[in-house]
Amino acid sequence: MTHYRNTIFLILSDDQKRWLMDDTLEETFYLASRPQPARVEGFLLNSPSVDIQSGKYFVDLTDEERSSACHCRNGFRKSFSEAMRSFGDEHS
C-alpha cells in the first residue's frame, strides 16, 4: 500500500504565502510490481498504481471510476477555500 500526499505552496503576494498540506490531499493505492503498459504523459505513477476499491490500474479507470477514486480533488478545493478565507480574515 502506498500513500501519496500533494503539497501546495500558495503565493498571493510577497506578504501572503502559505503551505497547504493535510490529509485531504492524500491518496492511498497499491503500487504494482508490474506496471500497466499504457502510459499517460505527465502522470508517471498512474501506470503502476492500482485503485484499492476496484483493483484496476489507474490508467484503466473510467472517468466515473477515476472521479470517485481520486478523493484529493475535494481536498484541493477545501484547502484553497480555507486559505482564501484565512487571507481575507487577516486583511479585513
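Is it the case that Glu65 is in a helix (DSSP H, G or I), at pLDDT 75 or above and in contact with a Ser or Thr (Cβ under 9 Å, 6 or more places away or on another chain)? Answer is yes for this residue. Only one of the numbered conditions (1) touching a residue at least 12 places away in the same chain (Cβ under 8 Å); (2) loosely packed, with under 12 Cβ neighbours inside 10 Å is not met by Asp15, and that is (1).
Out of Phe9, Phe29, which single residue is outside any loop (DSSP other than H, G, I, E, B) and surrounded by 14 or more Cβ atoms within 10 Å (Cβ to Cβ)? Spell out how you get there, then give the answer.
On the way: Phe9 fails: surrounded by 14 or more Cβ atoms within 10 Å (Cβ to Cβ).
From the options Phe9, Phe29, the qualifying one is Phe29.
The values are calculated or read from the model by the stated rules, or taken from the named source; none is laboratory data. Just so it is clear, the model here is predicted, and its values are computed rather than measured. Using ideal geometry, Cβ is built from the backbone for each residue, glycine included, and neighbour counts are taken over all protein chains shown.
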